[in-house]
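**Student:** Let me give you the structure first, and then I'll get to my questions.
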Amino acid sequence: MKRSQSKQVKKSAMSAQGVASLVRHADPLPTGASEEGLSPRARRELGLLVDEARPVPPTWRPRRRGVLIGAVACGAAAMVAAVAVLAASGPDEPSGGLVADEPHYPSTAELEGAADLIVRAKLGEGAERTVDDITSTEAPAEVLATAKGTAPGGRVTVSYTPPGSGGPETAALEAGEEYVFLLERQDDGRFTLVNSAQGSYGVSGDRAVPTGDNAVTLSPGVLKALRLTGTAPARG
């Protein structure tokens with residue numbers, strides 16, 4: 001009896017070993033085959049079955065691209081806001097107070113280039129003209145010499161804003177005096193100063209005299225054409 005039981009045990013063990021051997025040689029999922037569609041548990045059990053526990057690929061979390069894009073967008077918005085503030089203030093605009101609308105020319109070339117007409121002339125008596133609570137004076141001027149442009153008939157009408165007129169920038173010109181005028185031509189035929197501070201130079205002897213804090217000198221070519229020898233220091 002015992003001998004019969006021992007034979008059955010050996011036979012069962014041999015059967016189990018045979019099944020395992022068959023599974024290993026058959027390899028239901030050969031190397032390189034895709035394991036997509038199998039759950040991690042199924043993969044582990046299959047690996048144990050064929051004596052080859054194959055590693056389960058890690059599960060990766062998707063990158064938080066939305067958070068990154070949001071941060072970049074916020075940074076860009078801050079930069080745009082900063083640029084907008086700088087653009088609104090302007091590079092040469094002071095931090096407070098009234099700002100004149102007139103341009104300023106820091107160099108001789110820029111100043112003379114802004115003028116349509118540069119003449120030496122004697123200013124006559126003018127008449128006042130008020131527009132929008134700002135009074136300007138329109139005065140005839142007899143042209144004595146021309147350095148740039150053409151003065152029709154040898155006379156021009158010069159329009160300027162005198163002191164006490166209510167304007168932000170004024171020019172203190174006097175009838176009967178000689179001046180070097182740097183003028184812009186208007187559509188109605190009048191001429192205006194390129195600006196109140198630099199549009200006129202007094203004449204003293206054979207020299208042009210700037211007014212106020214105007215430190216820009218006239219070019220040698222312009223001085224020669226106007227029969228002047230130089231530019232004197234500015235007078236306040």
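The values are calculated or read from the model by the stated rules, or taken from the named source; none is laboratory data. Note that the structure is predicted; figures quoted are calculated from it, not measured. We place every Cβ from the backbone using ideal geometry, glycine too, and count neighbours over all the protein chains shown. Please note that ligands, DNA and RNA were not included when accessible areas were found on the heavy atoms of the full protein model with its side chains. Shrake-Rupley method; radii C 1.70, N 1.55, O 1.52, S 1.80 Å.
**Student:** Once you order the gyration tensor axes a ≥ b ≥ c over the Cα atoms, which shape class does region 92-236 get: rounded for a/c under 1.5, otherwise prolate or oblate by comparing a/b with b/c?
**Tutor:** It comes out oblate by the Cα gyration axes.
**Student:** Separate question: About its Cα centre, how strong a charge dipole does region 175-236 have in debye, to the nearest 20, once Lys and Arg get +1 and Asp and Glu get -1 at the Cβ?
**Tutor:** Charge dipole, region 175-236, about its Cα centre: 220 debye, nearest 20.
**Student:** Dipole magnitude of region 117-220 about its Cα centre, charges +1 at Lys/Arg Cβ and -1 at Asp/Glu Cβ only, in debye to the nearest 20?
**Tutor:** Dipole magnitude for region 117-220 comes out near 440 debye.
**Student:** Accessible area per residue for region 180-236 in Å², computed with a 1.4 Å probe and the full protein assembly in place, what is it?
**Tutor:** Heavy-atom accessible area per residue stands at 46 Å².
**Student:** Binning at 5 angstrom from zero up to the longest distance, how are the C-alpha pair distances of region 159-236 distributed in percent?
**Tutor:** Using 5 Å bins, I get a P(r) of 3, 15, 24, 25, 19, 9, 4, 0 for region 159-236.
**Student:** If I stretch the segment between Q186 and R129 completely, what's the gain in nm (0.36 nm per residue apart, minus their alpha carbon distance), one decimal?
**Tutor:** Result: 18.9 nm gained on full extension.
**Student:** Can you pull out the GluC sites (Glu not before Pro) in region 157-236 whose DSSP state is coil and whose Cβ has at most 12 other Cβ atoms within 10 Å?
**Tutor:** E174, E177
**Student:** Could I ask something else about it? Taking the Cβ of V216 as the center, what net charge do the other residues with Cβ under 12 Å away carry, scoring Lys and Arg +1 and Asp and Glu -1?
**Tutor:** Charge balance near V216 sits at -3.
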